[in-house]
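Below: one structure, written as structure tokens.
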Amino acid sequence: MERKYAVEQAVRVLPRGIRDRLRQEEDWDTGRWEEVRLRAGRGLFVTDDTGFERPVRLGEKEIFPVTGEDLRQTLELATRSSLQGLTEKLSGGYLPLAGGHRLGIAGTVVLRNGTIQAYRSLSSLNLRIACPAEGMAQPLLSRLIREGRFQSTLILAPPGSGKTTLLRDLIRLLSREGIRVGLADERGEVAALRSGVPQLDVGALTDVMDGCGKGEGILLLLRSMTPDVLAADEITRPEDTRALIQGANCGAALLATAHGTDPDGLQLREAYAPLLQQRLFRYLVTISRTGSQRQIAVQPMPEWRG
């Protein structure tokens, strides 16, 4: 998918007046945008691939206005006027969109038994644009594939640095190498299935489970698809960890991502500590960012220090 097309696809969930204004921006045609933020009473903002956020202006000084009604209309467009069945997704503070895009939500929530059931009012929306970067993972292959077998790998990087993009491209390249991948795509951000067909390229040899938790998806893939590699984005729950351990014990290699910058900090997290303690990951991939440039490094997984 071309970057410009990704931006055009993502902004379809925005009200017409905001879409029209965005199309007037000088850098609209470059496809460099990664986020569009709507803040009620404060205005419209875009973030480009350098990580710099700037306001979209109405005139020379005034920021293009955004109202609470604009946020409500955006949410209606994103959900096709129906929030039924979206409680679990809303509880994570975002909605997955067609094409792998994502709408982050902030505001006043309605809690029930400690779980977000609805939003009483909206404060901000963050439209995160999925921009595939084919070839991003190519330099990693010679380090991560040995004698035709992928070596279990964890990708560690801060939010917004491209973890999911790198994960998707690595899965695509593994498939091209003849390696079967089972992808537990709980949020639909990696493959973006529509009517069973991935809207984002994850390769012909990749089988995808979405619409269920990562742990459940991993076990279903393990039982039914005999994957060489089990992949999942952002392992966060103990049940995800248990499923990965079971997969590794059955002979599958693992590929997962984690938020953060310090590998030592992972040892303090309930979801990652067992994986590190059992040394189920052989390699650690880290991503750092300077402006629009990303630096990707590979190292052996550090020793467990617990």
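The values are calculated or read from the model by the stated rules, or taken from the named source; none is laboratory data. The shown structure was predicted, so the numbers you read here are calculated from the model rather than taken from an experiment. Cβ sites come from the backbone with ideal geometry, for glycine too, and all protein chains shown count toward neighbours.
Side notes on the structure shown:
- Residues of segment 264-306 satisfying the condition of being out of contact with any Leu (no Cβ under 8 Å at 6 or more places or on another chain) and either without any contact (Cβ under 8 Å) to a residue 24 or more places away in the chain or hydrophobic (A, V, I, L, M, F, W, C) (or both): Gly265, Leu268, Arg269, Ala271, Thr290, Gln293, Gln295, Ala297, Glu303
- Residue within segment 264-282 that is of a type in the set (A, V, I, L, M, F, W, C), more than 23 Å from Pro158 (Cβ to Cβ) and crowded, with 21+ Cβ neighbours inside 10 Å present: no
- Of all residues in segment 82-104, none satisfies the criterion of being at pLDDT below 75 and closer than 12 Å to Leu193 by Cα.
- Selection of first residues in segment 18-33 that are in the same structural domain as Gly160 (by TED's automatic domain parsing) and of second residues that are among the polar types (S, T, N, Q) and crowded, with 16+ Cβ neighbours inside 10 Å, restricted to Cβ pairs under 9 Å at least 6 apart or on distinct chains, gives an empty result.
- Meets criteria (within 22 Å of the chain's Cα centre (by Cα), free of Cβ contacts under 8 Å to residues at least 24 places away in the same chain and either surrounded by fewer than 23 Cβ atoms within 10 Å (Cβ to Cβ) or under 25 Å from Pro159 (Cα atoms) (or both)) for Ser195: yes
- When segment 1-18 is limited to residues that are part of a helix (DSSP H, G or I) and in contact with a strand residue (DSSP E or B) (Cβ under 8 Å, 6 or more places away or on another chain), the one that is surrounded by the fewest Cβ atoms within 10 Å (Cβ to Cβ) turns out to be Val11.
- Elements of type strands (runs of 3 or more DSSP E) contained in segment 154-247, each with 2 or more residues being under 23 Å from Gln277 (Cβ atoms): 229-232
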